[in-house]
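Student: Sharing a structure here in structure tokens format.
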Amino acid sequence: MDNPIGLAAGERVLLVDPKLRRYLLRLRPGETFHTHAGILAHDDIIGAPEGSTVLGSTGRAFLVFRPTLADVVLKMPRGAQVIYPKDLGAILIAADVGPGQRILEAGVGSGALSMALLRAGATVVGYEIREDFAERARLNVADQLGENLEYRIEVRDVTEGIAEQGFDRVVLDLPEPWDVVPHAARALRPGGIFLAYLPTINQTGLLREALAKAGFALAETVEILRRTWHVEPRSVRPDHRMVAHTGFLTSARTLADTAERAGES
Ligand code: SAH
């Protein structure tokens, strides 16, 4: 996406206050934005280049940027709990997501994973059981990536089946993915990749059993530990706090005959 240098009215921006608190807002002429560190006039931001310093009403300096995908995921309105950026990055590689692929995603939740898949150039069909979450995700995704996307959400229960076939990837974030495995076996093309995100290892064990039974190959389960560091000249060490647990990622591939075998059972 080509962005002009100056920030324009209607764009979404990230503000960072002197204490490194982050705020997301959409620029509207004439409006003001209220923060703990003072009030800012949108008009002082409109037209400024990214990386500018803007002064608030109390004289404190804010930095302004276009937000990254991670900024948006952590700050956007949520229906369901989102997948953290550290896991989104790992999912893109584990499921080898790329331009032109057709992906079945379920459940869609707040749309964080959808955004990562779409931004990588994939076409996404999302199944979401809750109408309100589907609507939230549509808004979140359109807000960040625009309306003109290869993205469709259907309000339906993916454990009851996948209506289309020939998907390159099936990516799941829901509590009982083992119930989806037989459907995924039929919906994926040979050599396709299945990936599920699960918060507990008990669930992961059940999923691995279902994948083995359905004839998936190369199954792998990983967790991503991300530790930030405190870096100052006299004190370089890991930060005291970290997000110690989010979820486990399990991926596997379909074989030439996985769909046929699933069709028979
Ligand atoms: N990955 C999403 C969050 C998903 S939360 C994100 O990053 O934003 C899990 C979602 O799965 C919830 O929205 C829930 O409503 C949905 N869900 C649960 N069971 C489902 C099912 N059987 N079929 C479709 N969606 C389901």
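Student: Would you kindly calculate the mean projected area, averaged across all directions, of the convex hull enclosing the Cα atoms of segment 153-265, in square nanometres? Please report the intermediate quantities before stating the final value.
Tutor: Numbers: hull surface 37.0 nm².
Value for segment 153-265: 9.3 nm².
Student: Which GluC sites (Glu not before Pro) does segment 136-178 hold that lie in a coil by DSSP with at most 15 other beta carbons within 10 Å?
Tutor: Values: sites: GLU147, GLU150, GLU154, GLU160, GLU164; in loops: GLU147, GLU150, GLU164.
Taking segment 136-178 and a limit of 15 other Cβ atoms within 10 Å, the loop GluC sites (Glu not before Pro) found are GLU147, GLU150, GLU164.
Student: Starting from the coordinates of the alpha-carbon atoms of the chain, obtain the Kirkwood hydrodynamic radius over all distinct pairs and give the value in Å to one decimal.
Tutor: Numbers: mean 1/r = 0.0493 Å⁻¹.
For the chain, the Kirkwood estimate is 20.3 Å.
Student: Placing unit charges on C-beta atoms (Lys and Arg positive, Asp and Glu negative, everything else neutral), compute the dipole magnitude of the chain about its Cα centre in debye, rounded to 20. If you can, show how the numbers build up before the last one.
Tutor: Values: 30 positive and 34 negative charges, 197 e Å.
Result for the chain is approximately 940 debye, rounded to the nearest 20.
Student: Could you derive backbone 3J(HN,Hα) for segment 203-217 from the dihedral phi with the Karplus parameters 6.51, -1.76 and 1.60 (θ = phi - 60°), listing whole Hz in sequence and x where the residue is Gly or Pro?
Tutor: Each residue of segment 203-217 in turn: 4, 4, x, 4, 4, 4, 4, 5, 5, 5, 5, 7, x, 7, 10 Hz.
Student: By how many degrees, between 0 and 90 and to the nearest 10, does the Cα long axis of helix 131-145 differ from the longest principal axis of the chain?
Tutor: 60
Student: For the chain, take the longest principal axis of its alpha carbons; what is the angle in degrees between that and the long axis of helix 85-94, to the nearest 10 within 0 to 90?
Tutor: The two axes meet at around 40 degrees.
Student: Give the span of segment 193-242's Cα atoms along each principal axis, as three whole-Å numbers ordered largest to smallest.
Tutor: 55, 20, 10
Student: At q = 0.33 Å⁻¹, what is the base-10 log of I(q)/I(0) for segment 1-41 according to the Debye formula with one equal point scatterer per Cα and no solvent? Please give it to two decimals.
Tutor: -1.23
Student: Right, here's the next one. Got the relative contact order for segment 70-264 handy, in percent, Cα pairs under 8 Å and 6 or more residues apart? Please list the in-between numbers first.
Tutor: Numbers: 379 pairs, mean separation 37.6, N = 195.
Relative contact order here is 19 percent.
Student: Ignoring everything except DSSP H segments at least 4 long, calculate the 222 nm mean residue ellipticity for the chain; use -39,500 (n - 2.57) per segment, divide by total residues, nearest 500.
Tutor: Working: 8 runs with 71 residues, N = 265.
Roughly -7500 deg cm²/dmol at 222 nm, from the helical runs in the chain.
Student: A further question follows. May I ask you to list the trypsin sites (Lys or Arg not before Pro) in segment 120-215 that are in a DSSP loop and have at most 13 other Cβ atoms within 10 Å of their Cβ? Intermediate values should be presented prior to the final figure.
Tutor: Details: sites: ARG130, ARG136, ARG138, ARG152, ARG156, ARG169, ARG186, ARG208, LYS213; in loops: ARG130, ARG156.
Passing sites in segment 120-215 do not exist.
Student: Now for a different question. Would you kindly derive the ³J(HN,Hα) couplings of segment 17-30 from the backbone phi angles with the Karplus curve 6.51 cos²θ - 1.76 cosθ + 1.60 (θ = phi - 60°), listing them in order in whole Hz, with x for Gly and Pro?
Tutor: Couplings: 8, x, 8, 6, 6, 10, 9, 9, 8, 9, 6, 10, x, x Hz.
Student: What number results when the radius of gyration of segment 1-149, computed over Cα atoms, is divided by 2.2 N^0.38 Å? Intermediate values should be presented prior to the final figure.
Tutor: Details: Rg = 16.8 Å, N = 149, 2.2 N^0.38 = 14.7 Å.
Dividing the Cα Rg of segment 1-149 by 2.2 N^0.38 Å gives 1.14.
Student: Separate question: Packing-wise, with mean Cβ within 10 Å as the measure, how do 69-79, 237-247 rank, highest first?
Tutor: Working: 69-79: 17.5, 237-247: 10.9.
Output ranking for 69-79, 237-247: 69-79, 237-247.
Student: Going toward the positive end of the dipole of the chain, with +1 on Lys and Arg Cβ and -1 on Asp and Glu Cβ, which of ALA212, GLY30, LEU145 do you reach last?
Tutor: Comparing the listed Cα positions along the dipole, GLY30 ranks first.
Student: Below 28 Å, Cα to Cα, which lysines can LYS19 reach? Residues fewer than 8 away in the same chain don't count.
Tutor: Those lysines meeting the cut-off are LYS75, LYS86.
Student: Relative contact order (percent) for segment 163-265, with alpha-carbon contacts under 8 angstrom and 6 or more residues of separation? Before the final figure, lay out each step's value.
Tutor: Details: 175 pairs, mean separation 36.9, N = 103.
Once divided by the residue count of segment 163-265, the mean separation gives 36 percent.
Student: From the phi of every residue in segment 244-260, what ³J(HN,Hα) in whole Hz does the Karplus formula 6.51 cos²θ - 1.76 cosθ + 1.60 yield, where θ is phi - 60° and glycine or proline is x?
Tutor: Residue by residue, segment 244-260 yields 7, 8, 10, x, 9, 9, 10, 10, 7, 10, 7, 8, 3, 10, 4, 5, 4 Hz.
Student: Another one. Cα centroids of segment 1-61 and segment 73-130: how far apart, whole angstrom?
Tutor: Computed from Cα coordinates, the inter-centre distance equals 28 Å.
Student: Rounded to whole Å and ordered largest first, report the semi-axes of the equivalent ellipsoid of segment 12-67 derived from its Cα gyration tensor (root of 5λ). Please report the intermediate quantities before stating the final value.
Tutor: On the way: eigenvalues 42, 32, 21 Å².
Semi-axes, largest first: 14, 13, 10 Å.
Student: By a straight-distance test (C-alpha under 17 Å), which aspartates and glutamates pair with LYS213 as possible cross-link partners, with residues fewer than eight away in the same chain excluded?
Tutor: Cross-link targets: GLU176, ASP179, ASP257, GLU260, GLU264.
Student: When the dipole is taken about the Cα centre of segment 141-265, and only Lys, Arg (+1) and Asp, Glu (-1) are charged at their Cβ, what size is it in debye, to the nearest 20?
Tutor: About 660 debye.
We did not get these values from a lab; they are worked out from the coordinates using the rules stated. What you see is a predicted model, and the numbers here were worked out from it, not measured in a lab. Here the Cβ is made from the backbone with ideal geometry for all residues, glycine too, and neighbour counts use every protein chain on show.
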